[in-house]
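Notes follow once the structure below has been shown.
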Amino acid sequence: MSATATSNTARANIFARLKAAPGRLGPDLPPWNPPTYPDPAARLARFRQMAEANHAEIHDVTTTNWPERLAAILGNRGVRTLMYAPDTPCGDALAAAVAAGARLPDLVPYDATVEVMKEALVHRVDAGLTGTRGAIAETGTLILWPTAQEPRLLSLLPPLHIAVLDAATLHDTLAVAVKDGGWAGAMPTNALLISGPSKTSDIEQTLAYGVHGPKELVILLVNAPTQE
């Protein structure tokens, strides 16, 4: 018998034993209801608690002062280069801030193909700036909806990820975000759920941060006008 025939026979025998095995019902699921945070302040507090527990750094900003705050944050860290997406709300705000005299680090626009930009993404820029689609209060998780204009690599490759989050886009849970956002009718090709800097763990579940991606996550939390 050839090696291929032997392999096929072994596979068939395994599947036959699996199919012949008596079925067993799984254990009953414990009762669970998704958490709700009807009070916006409680929702925001939960998000902040969980995001900071995941090693994210949160700065409260306004729609008008966040580029200036960003300049101070990056200056304190010694960040020299920041990659951003031109012709997006965040990109336009950065360009306006620079024109007004804000002392931001060197801005590197993501304005070419990934083949052209990958060297800068991997070796040259210190930080990447993205917007967000919203966030999940239950887990302190950001929702990013990458596009060709603002690709996922902006949040995955530079050592520091800066995310601009509108506090009004917080959702209680992922299920609520999917429902409210109408994802069923327009699924993204790639939605990113980011809870803190990159992290991984070994077989003993020892958690390590910043091994394979951004070592730091800074969230610029844009508050409602009444809170400014």
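The values are calculated or read from the model by the stated rules, or taken from the named source; none is laboratory data. Please read these numbers as outputs of a predicted model, since none were measured by experiment. Because the Cβ atoms are built from the backbone with ideal geometry, glycine has one as well, and the counts that use them run over all protein chains shown. Please note that ligands, DNA and RNA were not included when accessible areas were found on the heavy atoms of the full protein model with its side chains. Shrake-Rupley method; radii C 1.70, N 1.55, O 1.52, S 1.80 Å.
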Going through A20, A72 one at a time, which residue ends up being of a type outside the set (D, E) and loosely packed, with under 10 Cβ neighbours inside 10 Å? A20
Determine, yes or no, whether D60 is farther than 21 Å from L193 by Cβ, modelled with pLDDT of 95 or more, open to solvent by 60 Å² or more (accessible area, probe 1.4 Å) and not in a helix (DSSP H, G or I). yes
When residues of region 21-57 are filtered for being part of a loop (DSSP other than H, G, I, E, B), closer than 17 Å to L174 by Cα and either small (G, A, S) or at pLDDT below 90 (or both), how many remain? 4
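Any residue at all in region 197-212 that's closer than 28 Å to N76 by Cβ and within 12 Å of the chain's Cα centre (by Cα)? Please lay out each step first, then the result.
Step one: list which residues in region 197-212 are closer than 28 Å to N76 by Cβ, which gives 197-200, 207-212.
Narrowing the set further to residues that are within 12 Å of the chain's Cα centre (by Cα) leaves 197-198.
Yes, that holds for at least one residue.
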Would you confirm whether any residue within region 175-187 is closer than 13 Å to L129 by Cβ and surrounded by 15 or more Cβ atoms within 10 Å (Cβ to Cβ)? no
Could you identify the single residue in R152, R133 that is among the basic types (K, R), within 30 Å of D39 (Cα to Cα) and either touching a strand residue (DSSP E or B) at 6+ places or on another chain (Cβ under 9 Å) or open to solvent by 40 Å² or more (accessible area, probe 1.4 Å) (or both)? R133
When region 133-158 is checked residue by residue, the ones that are touching a Phe, Trp or Tyr at 6+ places or on another chain (Cβ under 8 Å) and under 16 Å from I58 (Cβ atoms) are A135, I136, A137, G140
L217 versus (1) surrounded by 17 or more Cβ atoms within 10 Å (Cβ to Cβ); (2) without any contact (Cβ under 8 Å) to a residue 40 or more places away in the chain; (3) not small (G, A, S): which is the lone unmet condition? (2)
